[in-house]
1. What distance in nm separates the two pseudo spin-label positions at ASN159 and ARG34, each 7 Å out from Cα along the beta-carbon direction?
2. In debye, nearest 20: dipole of segment 278-368 around its Cα centre with unit charges on the Cβ of K, R (+) and D, E (-)?
3. Give the order of ARG90, ARG249 when sorted by the count of other beta carbons within 10 angstrom, beginning with the fewest.
4. Amide H to amide H under 5 Å from GLN323: which residues, 5+ apart in sequence or cross-chain, H placed 1.01 Å off N in plane?
5. Once Rh is set to the Kirkwood radius over Cα pairs, what Stokes-Einstein translational diffusion coefficient, in µm²/s, holds for the chain at a temperature of 25 °C and a viscosity of 0.890 mPa s?
6. Divide by every residue of the chain the summed helix terms, -39500 (n - 2.57) for each DSSP H run of at least 4, and state the resulting mean residue ellipticity at 222 nm, rounded to the nearest 500 deg cm²/dmol.
7. So how strong a dipole does segment 4-274 carry about its Cα centre when Lys and Arg Cβ are +1 and Asp and Glu Cβ are -1, to the nearest 20 debye?
8. Among VAL174, VAL168, which comes first, then next, by fewest other beta-carbon atoms within 10 Å?
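Just so you know, all these numbers are worked out from the coordinates, no wet-lab data involved. If you're wondering where the values come from, they're calculated on a predicted model, not measured in any experiment. Neighbour counts run over all protein chains shown; Cβ positions are idealised from the backbone, glycine included.
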Amino acid sequence: MSPIYYHLERFPPATLDWERLIPSIGPANAGLARYDGLLSAIPNANVLLAPLTTQEAVLSSKIEGTVVTMGEVLEIEAGADLPKLTQSKRDDAVEVLNYRSALRACTAALDERTISQHMLRGAHEILMQGVRGSDKSPGQYRDQQNWVGAPGCSIGQANFVPVAPELVQSSMDVWEAYLNRMDVPDILIQLAVLHVEFEAIHPFKDGNGRLGRMLVPLYLFQRGLLKSPDFYMSGYLEANRDEYLVRLRNVSRKDDWTNWCIFFLEGIRYQAAENEKKARRILELYESVKNQVIELTHSQHAIRVVDFLFQNPIFSGPHFLNQPGIPRPSAGRLLPILRDNGIVQTIVESRGRRPGVFAYRDLLSIAEGRQVF
């Protein structure tokens, strides 16, 4: 098949079939509202849902071809010296950690300003730090034609060819103007169109897919549909990867914006329900383990310890001992209690200068959706 080329001068879409969209708009917005209601009831969502943020980074990067797991990412972050982890997996882990850092940087920036091209260029710079593609003009729009296809394929063998490099800036200017419009009848439809257009422009040499998916929670947060940008869409997109790519490309090939929007709305509805289930299980786990740690330790630092576990479900001994707010002698007494009572598991034994590494398995299992370790 010949490549699909960018839909020049056909954005924003002239028409959408609202009669077909309306049955999907209601359930998507309702599901998102239910999930947001749960977020509003969690006083420290940034702590409790931190593992889900990491899992989102893993899945978003997986769509681009990385093969590292959440557990492996957190082991590397904890400084575990594990011979089983190849250099390729370590490189994948850096990409995941950069994604998480970029998402957090954008979230912090939204306290003072709205999403913009400047913000996305800054996020791209973080995304590309020290990874494959770090030589591809981090933070700068591309000045060469790129294309999407099998590794090493020619442009004639590509699946999709984005906009020409000399039109990237003007295309992104039109994109940003649509981003700031307040007259679109539904915010989720506006977001669906923004996402597919960003991916079609493909403004950077690398990292476009991850940035486009990062846009989803950031925009939901900015427009007030979520109290915090803790929404995780990549699980649905990864599970439906083939259809995702077909729907994206059919916008350019067939001008089929409506079916893309229906697919996106179904993803919002489905993922809101899945996110709600995981968040409820995490909240229940937090309350349970908090009471358990208080009873076991009789320590004034018990809640700080639990918060640490939720923010760092895999950690090294020195990291635990040196955490802020807990004197080192107290931390040294508390860690063996957690280990001996099965709250955390040792995954790397301390030996010589090599520190021990520990995992909070119950939380990791919820985040990954399967039993780990």
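1. 3.2 nm
2. Value, rounded to 20: 300 debye.
3. Result, fewest neighbours first: ARG90, ARG249.
4. Those qualifying (amide H under 5 Å, at least 5 residues apart or on another chain) number zero.
5. Estimated via Stokes-Einstein, D reaches 111 µm²/s.
6. Result for the chain: -19500 deg cm²/dmol, rounded to the nearest 500.
7. Its charge dipole is roughly 120 debye.
8. Ordered by Cβ neighbours within 10 Å, fewest first: VAL174, VAL168.
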